[in-house]
1. Conditions first: (1) outside any loop (DSSP other than H, G, I, E, B); (2) free of Cβ contacts under 8 Å to residues at least 40 places away in the same chain; (3) acidic (D, E). A:E101 passes all but one, so which condition is the exception?
2. Could you check how many residues of region A:58-74 are farther than 19 Å from A:I132 by Cα and within 12 Å of DNA strand B (Cβ to nearest atom)?
3. Just give me the residues in region A:153-177 being under 16 Å from A:A16 (Cβ atoms), of a type outside the set (A, V, I, L, M, F, W, C) and out of contact with any Pro (no Cβ under 9 Å at 6 or more places or on another chain), in sequence order.
4. Of a type outside the set (D, E, K, R), touching a helix residue (DSSP H, G or I) at 6+ places or on another chain (Cβ under 7 Å) and within 16 Å of DNA strand C (Cβ to nearest atom): is that true of A:G122 in this structure?
5. As an exercise: evaluate A:T40 against (1) surrounded by fewer than 17 Cβ atoms within 10 Å (Cβ to Cβ); (2) of a type in the set (S, T, Y); (3) more than 9 Å from DNA strand B (Cβ to nearest atom) and give the number of the one condition it does not meet.
6. For region A:17-31, does any single residue satisfy the condition of being modelled with pLDDT of 95 or more, over 26 Å from A:D152 (Cα atoms) and small (G, A, S)?
Amino acid sequence: MSNLATVLDDSPVRLAPRLLGSLLVRDTPHGQIVGRIVETEAYHQSGVASHSYRGQTPRNAVMFGPAGFAYVYFTYGMHYCCNIVTGTKGEGSAVLIRALEPLEGMEQMAKNRGRDDELTNGPAKLCQALNIDKSLNGHDLSMPPLTLVLKDPPKESEVVQSTRIGISHEQHQPWRFYLKDCEFISKK
DNA sequence: GGAACGATCTGC
DNA sequence: CAGATCGTTCCC
């Protein structure tokens with residue numbers, strides 16, 4: 001098991017805050033795009049809001065695989081969202097990446113987004129900016145062209161724990177996390 | 001076979 | 001606040 005998979009073999013609620021500050025690196029033919037994870041949301045199998053709640057299907061199969069892979073899904077007929085699979089094989093849990101702070105490749109991101117503001121402050125926006133689509137579903141995040149670079153966990157005082165956003169179930173559950181005073185988090 | 005809906009975003 | 005837009009799931 002890679003170092004990445006070892007760290008991610010844990011509960012999504014513990015990992016969601018721990019992953020804040022880590023980097024998402026996207027390699028493209030035109031150069032590298034880098035973003036810092038600033039907002040996450042935990043999804044575990046026993047939560048009714050999770051895609052894995054009703055068991056394994058072709059769509060959510062990656063969630064039930066080993067940790068350290070990307071679960072990318074298509075929604076609303078036009079958007080992609082990217083998760084980091086967590087936990088052990090057979091478990092069905094993941095951490096949704098909800099927002100990034102753009103660090104490198106902003107020109108690329110703006111081109112992919114078709115605008116030069118609000119590049120990565122939302123789960124579907126960041127996928128568009130990093131050109132993440134279903135072809136990366138099941139991709140091993142320890143290697144290009146999409147890499148998760150773990151950083152040290154943020155201090156507890158830097159993390160805000162909050163309730164869910166944009167979901168019809170479990171709106172009260174405090175499983176959303178973001179970096180305090182960060183201007184790049186998603187909007188309500 | 002068909003209907004309902006969604007871990008969203010945008011522009012009015 | 002409604003529309004876009006289609007894959008997935010669930011029910012008949």
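1. A:E101 satisfies all of (1) outside any loop (DSSP other than H, G, I, E, B); (2) free of Cβ contacts under 8 Å to residues at least 40 places away in the same chain; (3) acidic (D, E) except (2).
2. Total satisfying the criteria: 1.
3. A:K155, A:E158, A:E170, A:Q173, A:P174, A:R176
4. no
5. (1)
6. Scanning region A:17-31, I find no residue that is modelled with pLDDT of 95 or more, over 26 Å from A:D152 (Cα atoms) and small (G, A, S), so the answer is no.
The values are calculated or read from the model by the stated rules, or taken from the named source; none is laboratory data. Worth saying up front: this structure is predicted, and the values here are computed from it rather than measured. Every residue, glycine among them, receives a Cβ derived from its backbone with ideal geometry; neighbour counts consider all protein chains shown.
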